[in-house]
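The values are calculated or read from the model by the stated rules, or taken from the named source; none is laboratory data. Predicted model only: the values in this text are computed from it and were never measured. Using ideal geometry, Cβ is built from the backbone for each residue, glycine included, and neighbour counts are taken over all protein chains shown.
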Amino acid sequence: MDKAKKYYIGYSDILIRHAGSKAKIDISRILDSKGFIPIILPRTRKMDNKFLETISSGLIGLRRILKLFFGMPSNSIMVINHPFDFVSMNFAFIKIVKRNKVILINHDLDFCRASNAEELKNEPAEKYQKLYNLAAGLIVPEPTIPTVKEIGVTSPYISPLKIFPYLFESSEIKDKSFTKTVAFTGNLLKSKFINNWISTSRSYVVELIGINGDSLNIGENAIYKGSFEPDIVPFKIDSSFGLVWDGDSIETCSGNYGNYLRYNCPHKLSLYLSIGIPVFIWREAGMAGFVEKNKVGFLIDSLSDIDKILADMTEEKYKEMQDNIKPIQKKITDGSYLVEALDDVLSRI
């Protein structure tokens, strides 16, 4: 397929304080470097007049479809992030795959974290199965692959992605020393466990960065730094460790979001490793095997385990773990993991 023209779907703007947006921005940068041509799709805009907003959204949706149909020749290769950002993409996708080879990059399985019947109805597993079986190839995070196969995805080639990229110049980050400090980043309102976590007695300081943190009950041994653009966040984290946890409880990862850690590849894991700090991750998380195999963090059952681990930590042990992280840090920040998965799937379709 070397002679086929290669394209990807880009967008005229992206919500820059959202972790998912950072992943898509970085994937676009990597595709640019690989010679892919962007087809830039417009986004809808919020308007005070809802009638005009509806009309505008409809026209923009039509523009997107026309641009996809006529923006590239037949027998091209098209890379698309999934889940799609627009409902109209579902219709466009069916048409695109009839005359092009499409590679889908999976970011999430929404049916695995649906909190009610309505959400499950909007994103059922059957919808993923039908779309994925139409693709020429898939790039899927390793912990997500078993579920993708369980729902009946069989026809396309699946290339495993070990971890998402987090592009920036990592040489600008200084190595941290061991301190009893743990960072947590993301949508802080979604992570219901946080208020309980920061209100419990601990030997370490919690550093929080992300949106929706103003309502948290920040007490002793906790700091809320605010939210920042994803490219800035690596330079705002001062902690020696990062936490990969979600859900309602500090005892285990519970609830829809907590359980979802079994299936996904959290972007915050890429962030922490990109700045060279070890992680604490739920033992039953899908990415726990990656952390354990590469000796870049600790598997925990409960957040109370952190105190015990830190009590036994020394500067020498911390430095050894940092050394383990360095080769992974480089591949995350220069995009090598995604390039490997992309080259693999391109060689097979």
Residue pairs qualifying under the 8 Å Cβ cut-off, at least six apart or on distinct chains, with the first in segment 232-251 being at negative phi and in a loop (DSSP other than H, G, I, E, B) and the second being modelled with pLDDT under 95 and of a type in the set (A, V, I, L, M, F, W, C), are Lys236/Phe228
If you take the residues in segment 304-330 that are of a type in the set (Asp, Glu) and free of Cβ contacts under 8 Å to residues at least 40 places away in the same chain, which one is surrounded by the most Cβ atoms within 10 Å (Cβ to Cβ)? Asp305
Could you list, in sequence order, all residues of segment 73-114 that are more than 30 Å from Leu261 (Cβ to Cβ), of a type in the set (S, T, N, Q) and free of Cβ contacts under 8 Å to residues at least 60 places away in the same chain? Ser74, Ser88, Asn100
What about Ile275, is it under 21 Å from Ser304 (Cβ atoms) and either in contact with a Phe, Trp or Tyr (Cβ under 8 Å, 6 or more places away or on another chain) or in contact (Cβ under 8 Å) with a residue 24 or more places away in the chain (or both)? no
Taking the condition of being of a type in the set (Phe, Trp, Tyr) and closer than 21 Å to Val233 by Cβ, how many residues in segment 131-186 meet it? 4
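Quick one: is Phe111 modelled with pLDDT of 85 or more and surrounded by 14 or more Cβ atoms within 10 Å (Cβ to Cβ)?
Answer is yes for this residue.
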Can you find, within segment 87-105, the residue that is nearest to Ile27 (Cα to Cα) among those that are hydrophobic (A, V, I, L, M, F, W, C) and crowded, with 19+ Cβ neighbours inside 10 Å? Ile105
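Let's see how each residue does on (1) farther than 14 Å from Gly276 by Cα; (2) out of contact with any strand residue (DSSP E or B) (no Cβ under 8 Å at 6 or more places or on another chain):
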residue	(1), (2)
Phe164	yes, no
Ser171	no, yes
Lys174	no, yes
Leu188	yes, no
Ile194	yes, no
Ile198	yes, no
Ser201	yes, yes
Please verify whether Arg262 is surrounded by fewer than 19 Cβ atoms within 10 Å (Cβ to Cβ) and in contact with a Leu (Cβ under 8 Å, 6 or more places away or on another chain), treating the condition exactly as stated. no
Report yes if Lys46 is among the basic types (Lys, Arg) and modelled with pLDDT of 90 or more, otherwise no. no
Restricting attention to segment 273-289, does a residue exist that is outside any helix (DSSP H, G or I), surrounded by fewer than 14 Cβ atoms within 10 Å (Cβ to Cβ) and either assigned by TED's automatic domain parsing to the domain that holds Val233 or on the phi < 0 side of the Ramachandran plot (or both)? no
Segment 171-203: number of residues that are surrounded by 18 or more Cβ atoms within 10 Å (Cβ to Cβ) and not charged (D, E, K, R): 13
Please state which one of Ile325, Ile309, Ile332 is of a type outside the set (S, T, N, Q), assigned to a helix (DSSP H, G or I) and within 17 Å of the chain's Cα centre (by Cα). Ile332
Please enumerate the residues belonging to segment 63-86 that are surrounded by 18 or more Cβ atoms within 10 Å (Cβ to Cβ), farther than 23 Å from Lys127 by Cβ and at pLDDT 75 or above. Ser76, Ile77
